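Below you'll find the structure, written out as structure tokens, and then a few comments.
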Amino acid sequence: MGKKIAILGIALLLTGAFTLAAQEPILEEHPGYVPLDELALMPRDTLSLEINLTGPLLALVAGATRQEDPEFSDMVAGLLAIRVHVGPIADGVGRRVDRAREWLDDNGWQAIVRMRDGRDQTYIYLKQDGKDFVGLTLVAAGEDDEAVLVNVVGRVDPQRLGALAGRFDIPGLDEIPVEDPSSEETP
């Protein structure tokens, strides 16, 4: 009898897991998702850092921080993924960054920060879906020929980016002043 209950319990758990998996949105189909490899900024096998935080792990972070910092917890709860690539760019830094920017521009991303200082370049893009910001992408490259790509997928509040950058130590986000593009006047 105990064996039958255990098998029934496992079957129910698996059925529930498959149901939850079927209900989760496919990350690659989300409007805030950027295929970082397609930007061709740096080969994946040369990355010095790769971070891939997705739904379940972000939900865990949101739950764990709810008491300590409810505002941060709410922000993380609205995210589907945080993805970071850091690595060297072998050659053609400017050309590779330009290609990445063109891809973002061509795919409906709005540049909110464009910073160039010598060979250092930083670009921050937001993706809007209706009145909501559904993604953020940072592209940065420096004189040391190292690049940083960050893609935050999900509901993004531009005013809270500093908190996100500080908690997850996301390079570049905490140093750039970010303004809400919906507050800009249109001619």
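The values are calculated or read from the model by the stated rules, or taken from the named source; none is laboratory data. Model, not experiment: these values are computed from the prediction. Reconstructed Cβ throughout: ideal geometry from the backbone, glycine too, with neighbour counts over all protein chains shown. For the accessible areas, the whole protein counts, side chains as well, though only heavy atoms, and no ligand, DNA or RNA atoms are used. Shrake-Rupley method; radii C 1.70, N 1.55, O 1.52, S 1.80 Å.
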>> Here are the criteria: (1) of a type outside the set (A, V, I, L, M); (2) open to solvent by less than 50 Å² (accessible area, probe 1.4 Å); (3) assigned to a strand (DSSP E or B). Tell me which single one Arg101 does not satisfy.
In response: (3)
> For residues in region 36-64 being touching a strand residue (DSSP E or B) at 6+ places or on another chain (Cβ under 9 Å) and in a loop (DSSP other than H, G, I, E, B), which is surrounded by the fewest Cβ atoms within 10 Å (Cβ to Cβ)?
Replying inline: Ser48
> Limited to region 65-89, what total is found for residues that are touching a residue at least 60 places away in the same chain (Cβ under 8 Å), touching a Leu at 6+ places or on another chain (Cβ under 9 Å) and part of a helix (DSSP H, G or I)?
Replying inline: 3
>> Need the failing condition index for Asp120 against (1) in contact with a Pro (Cβ under 9 Å, 6 or more places away or on another chain); (2) open to solvent by 50 Å² or more (accessible area, probe 1.4 Å); (3) not aliphatic (A, V, I, L, M), just the number.
In response: (1)
>> Here are the criteria: (1) more than 19 Å from Pro43 (Cβ to Cβ); (2) of a type in the set (A, V, I, L, M, F, W, C); (3) open to solvent by less than 30 Å² (accessible area, probe 1.4 Å). Tell me which single one Val84 does not satisfy.
In response: (1)
> Given (1) of a type in the set (A, V, I, L, M, F, W, C); (2) more than 14 Å from Leu36 (Cα to Cα); (3) modelled with pLDDT under 90; (4) not in a helix (DSSP H, G or I), where does Leu126 come up short, assuming only one miss?
Replying inline: (3)
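Among the residues that make up region 113-124, is at least one of them β-branched (Val, Ile, Thr) and within 18 Å of Ala40 (Cα to Cα)? Give the derivation first.
Taking region 113-124 first, the residues β-branched (Val, Ile, Thr) are 113, 122, 124.
From what's left, within 18 Å of Ala40 (Cα to Cα): 122, 124.
Yes, there is a match, as at least one residue in region 113-124 is β-branched (Val, Ile, Thr) and within 18 Å of Ala40 (Cα to Cα).
So is Gln67 more than 30 Å from Glu146 (Cβ to Cβ), at pLDDT 85 or above and open to solvent by 60 Å² or more (accessible area, probe 1.4 Å) or not?
yes
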